[in-house]
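Here the structure comes first, spelled out in structure tokens, and everything after it is commentary.
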Amino acid sequence: MSSDAHAHAPIPDAGDAMPSYYEIMETAVRELLVEKNAIGAGEIRQMLEVMDTRTPALGSQIVARAWVDPAFRARLLANGRATLEELGIDFFENTQLTVLENTDKVHNIVVCTLCSCYPREILGLPPDWYKLKPYRARTVKEPRAVLAEFGTLIPDDVEIRVSDSTSMVRFLVLPQRPQNTENWSEEQLASLVTRDAMIGVVRAAIPEKTEKSR
Amino acid sequence: MTQTEHLLTRLPTEMGGLDGGPIQRVEHEYAPWEKRCHALANVLDIHKIISTEEKRRGVEALGSELVEKLTYYQRWIVAFVNILFEKELLTPEELARKMDEVAARHEPSGG
């Protein structure tokens, strides 16, 4: 079904219960902007459909490709946004994407101290903990302690780099490829890359039971 | 430090370097209206009506009490409304009338 076919259909809501004051405000603002031709009638619905395709699975595919394709990895590190746009991933906002590569010497972790900037184009909407005070406040001050709370222990000789996102620059962590995955397909590799690994709070790793079964 | 100095030197949304409790790894399924609010933000940015930067400043301009008491997307929609009033794309009267109309759709008797 094309997006136009249902551009004017009502947008589904949670149910018939009286919506909250703020939900009513959202509906009212949207309808007024459409009535005034400030935005198109189907645009919100189309945007919702695009947003539904932007999940951490997209980021996982990008990371797995970077692991197996050195030329792609180099382009991705040089210019994240342009490289992803080549793949047909468009950006909603006027933001740059910087890809941060983890190595034996450097571990990257991403935060937004001011608000909740996040690479939504490739990871979707952020988890609540990313938007709440403890993570935003502490990550820039005591990243090792924050990482330890996620169960991620970083050796003292590994530098931790904290990147603070802005409305102009978003970050994606390129985790290290787990060992003993030399013969894995790109698809199998993508399954190892979690959302949290791309924020940098955990490593990409082979789940223990998978490792035993192999 | 005076009792108000900290209000000037740090914006209500500025968290970096403050003390914070343990990280609770909480997540929730986004409600349909929250997703719509997010889609609205993206569409407003695409049309250059409200940029991401303006949105953040709009949230900051709500002041610390509202920032603290409203949920994430409640802050966004209220900030959008204030910015749209400032830009004279909406008037408070229009919004009030439309909100009454939307609410009336959900009244049991009104259908």
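Evaluate the following for B:GLY58: is it at positive phi and free of Cβ contacts under 8 Å to residues at least 60 places away in the same chain?
Against the criterion (at positive phi and free of Cβ contacts under 8 Å to residues at least 60 places away in the same chain), B:GLY58 does not qualify.
Determine if the range B:90-110 includes at least one residue that is within 21 Å of A:SER20 (Cβ to Cβ), hydrophobic (A, V, I, L, M, F, W, C) and out of contact with any helix residue (DSSP H, G or I) (no Cβ under 7 Å at 6 or more places or on another chain).
Taking the range B:90-110 first, the residues within 21 Å of A:SER20 (Cβ to Cβ) are B:90, B:92, B:94-110.
If we keep only those that are hydrophobic (A, V, I, L, M, F, W, C) as well, we get B:90, B:95-96, B:99, B:102-104.
Filter once more, keeping what is out of contact with any helix residue (DSSP H, G or I) (no Cβ under 7 Å at 6 or more places or on another chain): B:96, B:104.
Within the range B:90-110 (the criterion being within 21 Å of A:SER20 (Cβ to Cβ), hydrophobic (A, V, I, L, M, F, W, C) and out of contact with any helix residue (DSSP H, G or I) (no Cβ under 7 Å at 6 or more places or on another chain)), the answer is yes, since at least one residue qualifies.
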B:GLY21 vs. criteria free of Cβ contacts under 8 Å to residues at least 60 places away in the same chain and either within 13 Å of the chain's Cα centre (by Cα) or at negative phi (or both):
yes
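Could you pull out every one of the helices (runs of 4 or more DSSP H) wholly within the range B:33-111 that has 2 or more residues that are of a type outside the set (Lys, Arg) and surrounded by 17 or more Cβ atoms within 10 Å (Cβ to Cβ)?
Numbers: elements: B:52-60, B:64-69, B:72-86, B:92-105.
In the range B:33-111, the matching helices (runs of 4 or more DSSP H) lie at B:52-60, B:72-86, B:92-105.
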Name the single residue that is surrounded by the most Cβ atoms within 10 Å (Cβ to Cβ) among those in the range A:88-110 being charged (D, E, K, R) and modelled with pLDDT of 95 or more.
A:GLU101
When (1) more than 9 Å from chain A (Cβ to nearest Cβ); (2) on the phi < 0 side of the Ramachandran plot are applied to B:GLU88, the one that fails is (2)
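Pick from A:ARG195, A:ARG170, A:ARG177, A:ARG203: which is touching a strand residue (DSSP E or B) at 6+ places or on another chain (Cβ under 6 Å), within 29 Å of A:PHE91 (Cβ to Cβ) and of a type in the set (Lys, Arg)? Reasoning before the result, please.
Values: A:ARG195 fails: touching a strand residue (DSSP E or B) at 6+ places or on another chain (Cβ under 6 Å); A:ARG177 fails: touching a strand residue (DSSP E or B) at 6+ places or on another chain (Cβ under 6 Å); A:ARG203 fails: touching a strand residue (DSSP E or B) at 6+ places or on another chain (Cβ under 6 Å).
Criteria check complete, one pass: A:ARG170.
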For B:VAL81, which of the numbered conditions (1) under 14 Å from B:LEU44 (Cα atoms); (2) touching a residue at least 40 places away in the same chain (Cβ under 8 Å) fails to hold?
(2)
Looking only at the range A:48-80, which residues are crowded, with 18+ Cβ neighbours inside 10 Å and either among the polar types (S, T, N, Q) or farther than 21 Å from A:GLU187 by Cβ (or both)?
A:LEU48, A:MET51, A:SER60, A:GLY80
Which numbered condition B:VAL43 fails, given (1) free of Cβ contacts under 8 Å to residues at least 24 places away in the same chain; (2) facing chain A (nearest Cβ under 7 Å); (3) closer than 21 Å to A:TRP129 by Cβ:
(3)
Criterion first (more than 29 Å from B:THR9 (Cα to Cα) and away from chain B (no Cβ under 14 Å)) does A:LEU125 satisfy it?
no
When only residues in the range A:184-214 that are polar (S, T, N, Q) and modelled with pLDDT of 95 or more count, which is surrounded by the most Cβ atoms within 10 Å (Cβ to Cβ)?
A:THR194
Tell me whether the range A:104-113 contains one or more residues that are closer than 22 Å to A:SER191 by Cα, assigned to a helix (DSSP H, G or I) and polar (S, T, N, Q).
no
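Going by the structure shown, is A:GLU159 over 30 Å from B:LEU44 (Cα atoms), surrounded by fewer than 18 Cβ atoms within 10 Å (Cβ to Cβ) and more than 10 Å from chain B (Cβ to nearest Cβ)?
On the way: over 30 Å from B:LEU44 (Cα atoms): yes; surrounded by fewer than 18 Cβ atoms within 10 Å (Cβ to Cβ): yes; more than 10 Å from chain B (Cβ to nearest Cβ): yes.
Spelling it out, A:GLU159 is indeed over 30 Å from B:LEU44 (Cα atoms), surrounded by fewer than 18 Cβ atoms within 10 Å (Cβ to Cβ) and more than 10 Å from chain B (Cβ to nearest Cβ).
Could you list, in sequence order, the residues of the range B:12-45 that are among the aliphatic types (A, V, I, L, M) and over 24 Å from A:MET25 (Cβ atoms)?
If we filter the range B:12-45 for residues that are among the aliphatic types (A, V, I, L, M), which is where we start, we get B:15, B:18, B:23, B:26, B:31, B:39-41, B:43-44.
Across the range B:12-45, the qualifying residues are B:MET15, B:LEU18, B:ILE23, B:VAL26.
Residue by residue through the range A:128-152, note down the ones that are in a helix (DSSP H, G or I), within 8 Å of chain B (Cβ to nearest Cβ) and not basic (Lys, Arg). Reasoning before the result, please.
Applying the first criterion (in a helix (DSSP H, G or I)) to the range A:128-152 yields A:128-131, A:133-138, A:143-149.
Still in the list and also within 8 Å of chain B (Cβ to nearest Cβ): A:128-129, A:131, A:133-138, A:146, A:149.
A:ASP128, A:TRP129, A:PRO134, A:TYR135, A:ALA137, A:VAL146, A:GLU149 - these are the residues of the range A:128-152 that are in a helix (DSSP H, G or I), within 8 Å of chain B (Cβ to nearest Cβ) and not basic (Lys, Arg).
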Testing B:LEU11 on (1) more than 7 Å from chain A (Cβ to nearest Cβ); (2) within 21 Å of A:ARG170 (Cβ to Cβ); (3) without any contact (Cβ under 8 Å) to a residue 40 or more places away in the chain, one condition comes back false. Which one is that?
(3)
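The values are calculated or read from the model by the stated rules, or taken from the named source; none is laboratory data. These figures come from a predicted structure and were not determined experimentally. Neighbour counts run over all protein chains shown; Cβ positions are idealised from the backbone, glycine included.
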